[in-house]
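Questions regarding the structure given below will be posed in turn.
All of the numbers you see were taken from the coordinates with simple rules; none came from a lab. Predicted, not measured: the structure shown is a model, and the values here were computed from it. We place every Cβ from the backbone using ideal geometry, glycine too, and count neighbours over all the protein chains shown.
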Amino acid sequence: MTTTFNLGDWRIDRIIEQELPGFDPFEFFPNLKPEELEEHRAMLEPVALDPASGLMTFAMQSYVVRTGKFNVLIDTCIGNHKDRPTRPLWHMKTDSTYMDALNRAGLTVNDIDFVMCTHLHPDHVGWNTQLEDGRWVPTFPNAKYVFSEKELAHWTEFQKHSPTLHFTDSVLPIVEAGMTHLVKSDSELVSGIQLLPTPGHTPDHFAVRLAQGGKECVVTGDLIHSPLQCACTHLDARPDTDPAQGRATRNAFMDKYAETDTLIATMHFPSPSLGHFVRHGDAFRFRYAARV
């Protein structure tokens, strides 16, 4: 399994917390038709779609980028001790999988300089905090947490009338600790690490473009969830706040990067999660990278 690759002189590691079947394709993609799933079943099984359960497998992972000057963690997955009653695989976890993976990559929580959250959904902010003496405290004590200013404002307003568990336990403690670094979604964090506005899944979702040594990689966040959306470009994900905008963003993104050398580092495609978009008729396919 590819968990470490290089981009020029930079080292990038996938920090995998979970990779299990757990998502009903028709629940997650409400406009998916049974005949469309059957048409593409052979492409999905057995890795992206579990034949036994009929559930989709999503990787829950972070990417950590070592530039030689900074260690940048992109998204923080699910977290432990988090109350997530609607997601049994995430609910009140107590395992050491995530921290073990971080340690295997040669890092501790003290080594992270920036935590970039592509958006503020529960499976992308979970390890922002950890439970300590009954309080939620920042997991990465030396980091600045990079949030889109517009994204944070949206969910802060949403929280006023519809409080959410994950915002309470994984976002607000960071804000209250004064550890946020608020940015526009088209900003450059440091040289070679640029945010790309990719709205639709959430109001100000961003992808992350990495460029070093003449090589380019884009970490997608949740602008796309499954290789099924490459083949069926009309599919909307149920969590999308603006499905039409999300669809337009996703299709423009695939069109831009199809048939290029840009490595696409997906958040939820199953391992190895890395590859390239290629054209297939009037749609696309995802060609997994054999090695990087």
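Please verify whether the range 191-204 includes one or more residues that are crowded, with 17+ Cβ neighbours inside 10 Å and touching a Cys at 6+ places or on another chain (Cβ under 8 Å). Can you show your working first?
Pass one, the range 191-204, residues crowded, with 17+ Cβ neighbours inside 10 Å: 192-196, 198-204.
With touching a Cys at 6+ places or on another chain (Cβ under 8 Å) added as a condition, the list becomes none.
Scanning the range 191-204 turns up no residue that is crowded, with 17+ Cβ neighbours inside 10 Å and touching a Cys at 6+ places or on another chain (Cβ under 8 Å).
May I ask you to verify whether LEU89 is of a type in the set (A, V, I, L, M, F, W, C), in a loop (DSSP other than H, G, I, E, B), surrounded by 12 or more Cβ atoms within 10 Å (Cβ to Cβ) and in contact (Cβ under 8 Å) with a residue 60 or more places away in the chain?
Yes.
How many residues does the range 106-151 contain that are surrounded by fewer than 20 Cβ atoms within 10 Å (Cβ to Cβ) and of a type in the set (A, V, I, L, M)?
Selection size over the range 106-151: 4.
How many residues are surrounded by 19 or more Cβ atoms within 10 Å (Cβ to Cβ) and assigned to a loop (DSSP other than H, G, I, E, B) if we restrict to the range 17-31?
Selection size over the range 17-31: 1.
Right, next: Go through the range 152-172 and count every residue that is surrounded by 17 or more Cβ atoms within 10 Å (Cβ to Cβ) and either in contact with a Lys or Arg (Cβ under 8 Å, 6 or more places away or on another chain) or on the phi > 0 side of the Ramachandran plot (or both).
3
Looking at GLY54, GLY79, GLY68, which one is closer than 30 Å to GLY8 by Cβ and either assigned to a loop (DSSP other than H, G, I, E, B) or in contact with a Ser or Thr (Cβ under 6 Å, 6 or more places away or on another chain) (or both)?
Values: GLY54 fails: closer than 30 Å to GLY8 by Cβ; GLY79 fails: closer than 30 Å to GLY8 by Cβ.
When all the criteria are applied, what remains is GLY68.
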